[in-house]
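Worksheet: the structure to be examined is printed underneath.
The values are calculated or read from the model by the stated rules, or taken from the named source; none is laboratory data. Everything quoted here is computed from the prediction, not taken from an experiment. For neighbour counting, all protein chains shown are included, and Cβ atoms are generated from backbone atoms with ideal geometry for every residue, glycine included. Surface areas here come from the heavy atoms of the whole protein model, side chains and all, with no ligands, DNA or RNA. Shrake-Rupley method; radii C 1.70, N 1.55, O 1.52, S 1.80 Å.
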Amino acid sequence: MMMPYDLKPGDVALMGVPLDLHSSFLQGPAFAPGRIREALHSGAANLTAEDGTDLGESAKFRDTGDLDVFEMRGQEPIDRIEAEAAKRIATGARLLSLGGDHSVAYPLIKAHADRYEGLNILHIDSHPDLYDTQDIGPLGHGCPFARVMETCPVKRLVQVGIRTMNAHQREQANKFGVEVIDMRNWRPDLQISFDGPVYLSLDLDALDPAFAPGVSHYEPGGLSTREVIDLIHRFKGQLVGADIVELNPHRDPYGMTAMVAAKFVKEIGARLLNG
C-alpha cells in the first residue's frame, strides 16, 4: 500500500491544519500555515537551524500539504485531523503540524498517544487550555488538554509559561495531575526532563506580545523568543511530534510573528530529524 507522500521512517512530515472555527475570540489562525511557509522559504532567511541542520538540503524533511478542514467545526474536523495524523506517523515519520487554533492539538496528541506508549506532553502556552467546556463547546481551543487528559493514555503533561490560570482551570489541573510551571516561577536555567517519548505543543501566545504580536490573545509577561528556542533545544526526552499553533496573520505586523513561527519550525524540525 502506498503510504502518504511515500513517507519513510526517519522522515519529518510538515502538515498544515487550517482550522480556526473553534476559536473563542477571533478567527484568523486558519490562514497561518500558508504564512508560516512563506516566512520559512523567504529570501530574508535560510532553512538552516542553529545546530547546522539544513532542512532545505534534507530529503527527509517533507511538506505534506494542508488538511481539508478549512471552515469546518465540531467533531468532523477533529476526526479528520486524527486520521490524517495517524496515517503519517504510521509510516515511522515524525509529524510537525502547523495550526490553526489550539483545538487541533487534541486529535494530534490522540494520534501520537495511540502510536507511542507512555507519551509525555510538553505544552508551552500562556493559557492552560483545561476548560471543561466553552461557549463554543467542549472542543473549543481552550479545552484541548482537558480532552487529552480524559481520553488519551498520556504519562505526563507539563505546562510552561502559564499566566492565566483561573479557579476552574486550577481545579482541572489538580484533577488531572498536570505539572504547571507558571511564569512567576519560570527561570531560564530550569531543567525539564522526560522519560520516554515527548510531544511538544507550542502556542505562540506563550511568548510576550513584544516578541509575537500576531496572536489573538495578548498576554503580557511571557517568554522571549530566545527562551523558547533554548527550551526546545534543552529539554530532555525523545521528541516524536509537535505542533505550532495560534498564529493569527490578521494581527501580525509585517509578518513578524510568522517569522518567529518559521524559526521554531527550523529548530523543532532539526530536533525531530536528529533525535
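For the stretch 31-46, does any single residue satisfy the condition of being in contact with a helix residue (DSSP H, G or I) (Cβ under 8 Å, 6 or more places away or on another chain), surrounded by 15 or more Cβ atoms within 10 Å (Cβ to Cβ) and under 28 Å from Met183 (Cα atoms)? Scanning the stretch 31-46, I find at least one residue that is in contact with a helix residue (DSSP H, G or I) (Cβ under 8 Å, 6 or more places away or on another chain), surrounded by 15 or more Cβ atoms within 10 Å (Cβ to Cβ) and under 28 Å from Met183 (Cα atoms), so the answer is yes. Working only within the stretch 248-275, note down all residues that are among the small types (Gly, Ala, Ser) and closer than 14 Å to Leu95 by Cα. Listed by number, the residues that qualify are Gly269, Ala270, Gly275.
For the stretch 2-48, a residue qualifies if it is at positive phi and either over 18 Å from the mean Cα position of the chain (by Cα) or free of Cβ contacts under 8 Å to residues at least 12 places away in the same chain (or both), and the qualifying residues are Tyr5, Asp6, Gly10. Of all residues in the stretch 151-181, those that are among the small types (Gly, Ala, Ser) and open to solvent by 10 Å² or more (accessible area, probe 1.4 Å) total 2. Residues in the stretch 49-68 that are more than 22 Å from Gly99 (Cα to Cα) and open to solvent by 80 Å² or more (accessible area, probe 1.4 Å): Glu50, Asp51, Glu57, Ala59. From the list Ala210, Ala242, Ala270, the one residue that fits, being among the small types (Gly, Ala, Ser) and either more than 16 Å from the chain's Cα centre (by Cα) or surrounded by fewer than 21 Cβ atoms within 10 Å (Cβ to Cβ) (or both), is Ala210. Taking Gly52, is it in contact with a Leu (Cβ under 7 Å, 6 or more places away or on another chain) and free of Cβ contacts under 8 Å to residues at least 12 places away in the same chain? The answer is no for Gly52.
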